[in-house]
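Colleague: Once you've had a glance at the structure underneath, I'll fire off some questions.
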Amino acid sequence: MANTRTLLSGGMDPTGIVYEQDGSIYRSINPEFTSFFRSLLNNKTIQKMIGREFVDTTIAAEDKASGTLLLKHQKISPSNYPYEWSSEMLHDAARFSLQICIDLLEEDLILKDATPWNVVFNGGTPVFVDFASIMPVDPNLVWVALDQFSRLFLFPLLAAEQGFGRVNRSLMQTSQQGISSGEIGDFLPGFAWIKKPWLFKRVYIPHMLVSLLQKTGQDREIGKHIKKVTVSKQARMKFLNDLLSDLNSIHLADGKSRWSNYYKNIDSFFDPNKFNQKQKIVSKLLQDLKPKTVTDIGSNMGGYAILAAQNGAYVTAFDTDEDSISMFYRLIKTKKLNILPLVLDVTNPSPPTGWRALQYPSAVKRFKSEGALALALVHHLAITQGQSFDRIVSELADYCDKWLITEFVHPEDPRTKEILLTCRRDMSWYSLEGYLTELNKIFKKTTTFNSYPSGRTLILCEDKY
């Protein structure tokens with residue numbers, strides 16, 4: 001049987017194509033660029049950055065007859081996209097990309113692209129995956145990717161500072177054009193320039209100049225004048241450092257949602273002596289199951305994702321609450337946990353997008369793991385979001401190959417009673433028996449345990465049909 005090859009990019013990048021084959025990522029370099037990329041791989045600065053800032057890259061093959069070069073990249077799995085990141089993750093990706101440019105400038109190199117789609121998070125660590133984005137500096141331009149950086153990093157982060165993080169993610173899912181200098185003004189208060197004087201040179205003046213040039217028909221002539229200007233290395237370095245300083249002046253709000261305080265003592269998940277009944281049971285089940293990968297659905301602050309990671313699993317944890325995910329992301333970075341935190345809704349997961357809806361696979365396809373956790377979640381899906389048990393079970397089962405640990409919060413539970421107060425639908429069907437009935441249609445074996453607080457039930461579901 002022939003090895004299957006999946007094209008990941010091609011047709012738009014003149015340097016070559018990227019494809020996946022047998023679980024590895026390859027980049028075929030066209031003959032006219034092979035000499036440059038060989039020089040990159042021999043550059044001491046680049047060598048230090050490969051496997052750190054840049055994705056791990058080696059030469060897989062070289063065809064001297066045709067002049068082509070084949071590079072092999074480490075595959076970072078699961079893939080994750082900007083419309084699934086918290087605003088803090090986007091901020092870190094922006095600083096990361098800009099710092100790479102500053103470091104490359106020492107070698108008279110720079111990035112020709114400044115898009116968050118060239119960054120993938122491996123746990124809490126950003127990795128730059130587009131090795132072909134490295135290019136020699138253009139002496140006539142301070143940075144060829146400045147407009148792209150502004151549209152996809154700087155302006156979205158300014159919007160996020162004003163509380164529009166959810167809007168950013170929606171925009172990024174539907175378009176890679178970002179926010180223009182004309183559009184960002186709609187997100188900013190009238191006094192924004194007082195706190196950030198640099199908005200004049202980054203937003204207001206460029207927008208006015210572009211508008212003026214377009215009105216006078218001079219926008220097509222500007223290129224002739226640009227080629228008469230030479231930017232020195234010192235001027236370019238100062239520009240990039242000033243841009244980094246402006247980026248760092250954007251302060252994202254600390255999480256203040258009611259869910260962000262759900263686990264007031266996250267430290268208890270790091271100390272088995274402080275485990276409650278629920279923590280003890282879930283930890284023991286994870287020890288017995290020994291999963292390599294786990295998806296934590298509705299992870300909140302990530303306590304149970306931490307337990308899975310402590311038992312050796314790589315964990316993808318997602319929740320709809322950005323405040324919780326942002327705080328969890330900080331903890332992951334501090335503790336160096338093997339967990340990828342994302343903002344995602346299990347009832348409305350990221351669909352396939354990009355070229356022919358093939359370029360960026362769906363969340364369900366990317367985040368399916370050996371096992372899944374869905375704790376203190378079902379009552380919200382059933383009562384607040386109006387999901388039936390068959391829909392809930394199907395949604396949860398999408399993210400696991402072998403087993404699921406879920407939890408039923410009974411109607412008598414104080415939290416259930418609280419959310420039932422505003423529910424106007426008949427919820428007489430909401431029962432443990434009904435939930436187990438639907439679980440048993442997908443899993444061959446279900447085992448129940450008393451959870452914590454009392455009156456809740458943990459359920460281990462094994463062996464999918």
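Here's the yes/no breakdown for (1) open to solvent by 40 Å² or more (accessible area, probe 1.4 Å); (2) aromatic (Phe, Trp, Tyr); (3) in a loop (DSSP other than H, G, I, E, B); (4) in contact (Cβ under 8 Å) with a residue 12 or more places away in the chain:
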{"site": "Ala382", "(1), (2), (3), (4)": "no, no, no, yes"}
{"site": "Ile392", "(1), (2), (3), (4)": "no, no, no, yes"}
{"site": "Lys417", "(1), (2), (3), (4)": "yes, no, no, no"}
{"site": "Ser428", "(1), (2), (3), (4)": "yes, no, yes, no"}
{"site": "Glu433", "(1), (2), (3), (4)": "yes, no, no, no"}
{"site": "Asp463", "(1), (2), (3), (4)": "yes, no, no, yes"}
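One line per residue, one yes/no per condition, for (1) over 19 Å from Val137 (Cβ atoms); (2) at pLDDT 85 or above; (3) open to solvent by less than 50 Å² (accessible area, probe 1.4 Å); (4) not in a helix (DSSP H, G or I):
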| site | (1), (2), (3), (4) |
| --- | --- |
| Ala2 | yes, no, no, yes |
| Thr6 | yes, no, no, yes |
| Pro14 | no, yes, no, yes |
| Ser28 | yes, yes, yes, yes |
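Colleague: What are the residue pairs meeting all of these: first residue in region 20-44, first residue acidic (Asp, Glu), second residue not in a helix (DSSP H, G or I), Cβ atoms under 7 Å, and 6 or more apart or on different chains?
Modeller: Glu20/Thr6; Glu20/Leu8; Asp22/Asn3
Colleague: May I pose another question? Residue by residue through region 394-415, note down the ones that are under 27 Å from Leu289 (Cβ atoms), in a loop (DSSP other than H, G, I, E, B) and open to solvent by 10 Å² or more (accessible area, probe 1.4 Å). Spell out the reasoning first.
Modeller: Kept after step one, since they are under 27 Å from Leu289 (Cβ atoms), are these residues of region 394-415: 394-410, 413.
Keeping just the survivors that are in a loop (DSSP other than H, G, I, E, B) gives 398-399, 410, 413.
Matches in region 394-415: Asp398, His410, Asp413.
Colleague: Moving to a separate point now. Can you pull out every residue in region 389-402 that is touching an Asp or Glu at 6+ places or on another chain (Cβ under 6 Å) and closer than 19 Å to Leu432 by Cβ? Show your work before the answer.
Modeller: Let us first name the residues in region 389-402 that are touching an Asp or Glu at 6+ places or on another chain (Cβ under 6 Å), namely 389-390, 393, 401-402.
Once the filter is applied, which keeps residues that are touching an Asp or Glu at 6+ places or on another chain (Cβ under 6 Å) and closer than 19 Å to Leu432 by Cβ, region 389-402 yields Phe389, Asp390, Val393.
Colleague: Does at least one position in region 41-53 carry a residue that is in contact with a Pro (Cβ under 9 Å, 6 or more places away or on another chain) and open to solvent by less than 40 Å² (accessible area, probe 1.4 Å)? Walk me through it before giving the result.
Modeller: At the first step, the residues of region 41-53 found to be in contact with a Pro (Cβ under 9 Å, 6 or more places away or on another chain) are 53.
Right, trim to open to solvent by less than 40 Å² (accessible area, probe 1.4 Å) and you get 53.
Looking for residues that are in contact with a Pro (Cβ under 9 Å, 6 or more places away or on another chain) and open to solvent by less than 40 Å² (accessible area, probe 1.4 Å), one finds at least one in region 41-53, hence yes.
Colleague: Is it the case that region 187-201 has a residue that's out of contact with any Gly (no Cβ under 7 Å at 6 or more places or on another chain), β-branched (Val, Ile, Thr) and either modelled with pLDDT of 90 or more or closer than 24 Å to Val55 by Cβ (or both)? Can you show your working first?
Modeller: Let us first name the residues in region 187-201 that are out of contact with any Gly (no Cβ under 7 Å at 6 or more places or on another chain), namely 187-201.
Then keep just the ones that are β-branched (Val, Ile, Thr); that gives 194.
If we keep only those that are either modelled with pLDDT of 90 or more or closer than 24 Å to Val55 by Cβ (or both) too, we end up with none.
No.
Colleague: Also, quick follow-up: From the residues in region 137-180 that are surrounded by fewer than 17 Cβ atoms within 10 Å (Cβ to Cβ) and part of a helix (DSSP H, G or I), which one is modelled with the lowest pLDDT?
Modeller: For region 137-180, the residue satisfying everything is Thr174.
The values are calculated or read from the model by the stated rules, or taken from the named source; none is laboratory data. All values derive from a computational prediction rather than experimental measurement. With ideal geometry, Cβ positions are generated from the backbone for all residues, glycine too; neighbour counts draw on all protein chains shown. Only protein heavy atoms, including side chains, enter the accessible area calculation; ligands, DNA and RNA are left aside. Shrake-Rupley method; radii C 1.70, N 1.55, O 1.52, S 1.80 Å.
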